[in-house]
1. How large is the helix-only mean residue ellipticity at 222 nm for the chain, computed as the sum of -39500 (n - 2.57) over DSSP H runs with n ≥ 4, divided by its residue count, in deg cm²/dmol to the nearest 500?
2. Just want to confirm a number: the relative contact order over the chain, from Cα pairs under 8 angstrom separated by 6+ residues, in percent.
3. Given a Förster radius of 22 Å and the C-beta distance between residue 7 and residue 94 as r, what FRET efficiency does 1/(1 + (r/R0)^6) yield to the nearest 0.05?
4. Full-extension gain between residue 79 and residue 21, please, as 0.36 nm times their residue separation minus the C-alpha to C-alpha distance.
5. Angle check, please: helix 5-21 long axis (alpha carbons) against the longest principal axis of the chain (alpha carbons), in degrees 0 to 90, nearest 10.
6. Just the C-alpha atoms of the chain: what Rg/Rh do they give, with Rh taken as the Kirkwood radius?
């Protein structure tokens, strides 16, 4: 069985979303971890590079500077990251894989 790239991106996005959903309600109002933001940004970059057609429909990566990384200061809360992750998942689920042009 061959698994398509888009199926793998869907699985990775679902995994990130489920991780964010498991956070308690109090935690959702706190800053998201820098490691989660880096996973989110890497996912966006990989999807954009693989499918140029989707690049303009994806959320922008979340900016992290060296100070943010060094001190684990996040510019976004868990809930916002969860919403952005859902946007990626909804996009991936709505596209017809056969119509996408891989890069």
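Taken together, the values in this text are just the output of simple stated rules run on the coordinates, not laboratory data. None of these values were measured; they are calculated from a predicted model. Cβ sites come from the backbone with ideal geometry, for glycine too, and all protein chains shown count toward neighbours.
1. Helices in the chain give a 222 nm mean residue ellipticity of -18000 deg cm²/dmol.
2. Once normalised by length, the contact order is 41 percent.
3. 0.95
4. Full-extension gain reported as 20.0 nm.
5. Helix 5-21 and the main axis of the chain meet at about 20 degrees.
6. Radius of gyration over Kirkwood radius for the chain works out to 1.00.
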